[in-house]
1. So residue 142 ticks every box in (1) in contact with a strand residue (DSSP E or B) (Cβ under 9 Å, 6 or more places away or on another chain); (2) in a loop (DSSP other than H, G, I, E, B); (3) modelled with pLDDT of 80 or more but one. Which box is left unticked?
2. May I ask you to say which residue of 216, 149 is at pLDDT 80 or above and closer than 30 Å to residue 61 by Cβ?
3. Step by step: first the residues of segment 428-448, then only those that are farther than 14 Å from residue 481 by Cα and assigned to a loop (DSSP other than H, G, I, E, B), then the one that is modelled with the highest pLDDT. Which residue is that?
4. Taking segment 412-426 as the region of interest, how many residues are at pLDDT 85 or above and farther than 16 Å from residue 490 by Cα?
5. May I ask you to list the residues in segment 463-484 that are part of a helix (DSSP H, G or I) and within 23 Å of residue 421 (Cβ to Cβ)?
C-alpha cells in the first residue's frame, strides 16, 4: 500500500515540497529583513549615542575654557541641538528655540542624572512624528547643565522606508529559491521514484523500514495472489468439466459466466454468451420465468425440451455481503432419467398385465373345479391348463428376477475367465431336446475364445437367443451357434431359418415386453423379456449387439 500511495501521489509530494520550500524561503527572507533592520537600527542608535556623548563633552570642554563666557561663543556646525540649563532647571539657552518661552527642565531624566552624577542620558519617542530623540547632558564647572540632543527616525519608520527594497530582495530571492527548490525537489523525488523499479537499493536510510515493510507485503500479496489463482483455476476447472450446464447471470440478466456443458445443452456459443443478455440466446418462457423468480430472491426449477432432450432448469439467487448480486442457473439433462421413469412405468404396467393374464386363467379354472361345475372329463383338461399357465407365470417371474439382478453392479468375484465356446456347446446340448420337439436341429461352429465375465450370464445370453430361434423357427428349420475369435474381439452369432423380424421392429425388439407378434408369442409361451435380458447382459459386459433379418431367417451378432 505504501508503494501504491507513493506512486499515485508523487506529483502531490513534489508540490508539497515546492510549497514548503517557498514558505520557508519567504518566512526566512521576511524574518531576516526584520531582524537585520532592527540590528542596523540598534547599531545606528548606539553609534549616534556615542557620537552625541563625544559631542556633549567636546562642547562642555569648550564651554569650561577660561576665555569662553557663554554658549553663544561656541562655534558648532552640525545638526545637533544644544541647550544650556541652569541648576534649577531654567533654560538659559537653546540653539533652536527661544529660551524664555521654554518650560522648566528640572524634571527631565537626563538633567536630573547630570546634576546627581555629572552626566546623564535618555531618549524619547514621538508617536506622532515617528521620530526618536536622544539626549546627553553634562554638568559644567559653573553648575549649569549642558545638554546635547539629536533626533532621528524610529525603527518603524526606517522599516517602512526599506519595504520597497525588501520587496525587491524578496522577489529576487524567492525566484532563486523556487529554482533551487525545484532542483532540490527533483533530486529528492527521483531516487524515491526509482524505488518502484528496484526496492533493493534504498536511497535514504529513513526509508529502509518502509522498504522492508513493502517487500514483506509484496511477498504476502504474491503468495495470496498465487493462492487465489490456484483456487480460481480449481473452480474454473470444476465448472468447465461439470456435466451440468452452469450459467452465472447478473441482476440485469446479463450472462457473466458459463461452461461448455451449457453450450451443448442450450445449443449456444458459450464464448459469445458471456457479457450479453440471456434473452439473446433463449426466449423460452420457462427459462425466463425461473430466472425472474431467482432475481426476485426465490429459487425455482422447471423442465424444458431443446433438440429433443428434456432439460431441468434450476435457478437460485446469489448473495454477497447479504446483498443479492446475481443468479446461478444450473441446467441438467434429465432425458435418460425421464426415459427410465417412463420405462419403469411401462414395465410396471406390463408386468401387472402379464402377471394378471395367467393368474386370471388359473383363478378361473380353479373356481370352476372348486364349484363342481366342471364335468369329470373336463377336470383333467382344466388341470393341464392350470399347469401351463402356472409354468408361464413361473417363467415370467424368473425373467423379472433376472432383470432386477442385472440392474445390480457386478462384483470382482463374479468376473472369471472362461472359454465362451464351451458355454455355447453346453447351451446347444441343453436345448437339443427342446429343438427336436419343435422339429428344429441345433448345431455349433466354435473356436476357443477365453473371455472374462460372469459365466452364468453368458450362458443366459446364448440360451435366450437360441430359445427364441427355436420358438420362432419353421418346421425342419435349423439353429446355428457360431463363436469366432479375432485379434481384439470375441464374436458370438446365433442364426436361424425362422420367420424373420420385419425391419421396422429392429429398434424395439430389445425393449421389455415388446413382441413382434403377440398372438404367436402367447402360443409359444414367450414372456417378452428374453431379448431385454440379452441386451442387459451385453451392455453390462461392455459389448454390443446387432440383428440382421430377412425371409430366410434371423442372425443375432454379439461382439465383446
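1. (1)
2. One residue alone meets the criteria, 149.
3. For segment 428-448, the residue satisfying everything is 439.
4. Count: 1.
5. Once the filter is applied, which keeps residues that are part of a helix (DSSP H, G or I) and within 23 Å of residue 421 (Cβ to Cβ), segment 463-484 yields 463, 464, 465, 466, 467, 468, 469, 470.
The values are calculated or read from the model by the stated rules, or taken from the named source; none is laboratory data. This is a predicted model, so every value here is computed, not measured. Quick reminder, even Gly has a Cβ in these numbers, built from the backbone with ideal geometry, and neighbours come from all protein chains shown.
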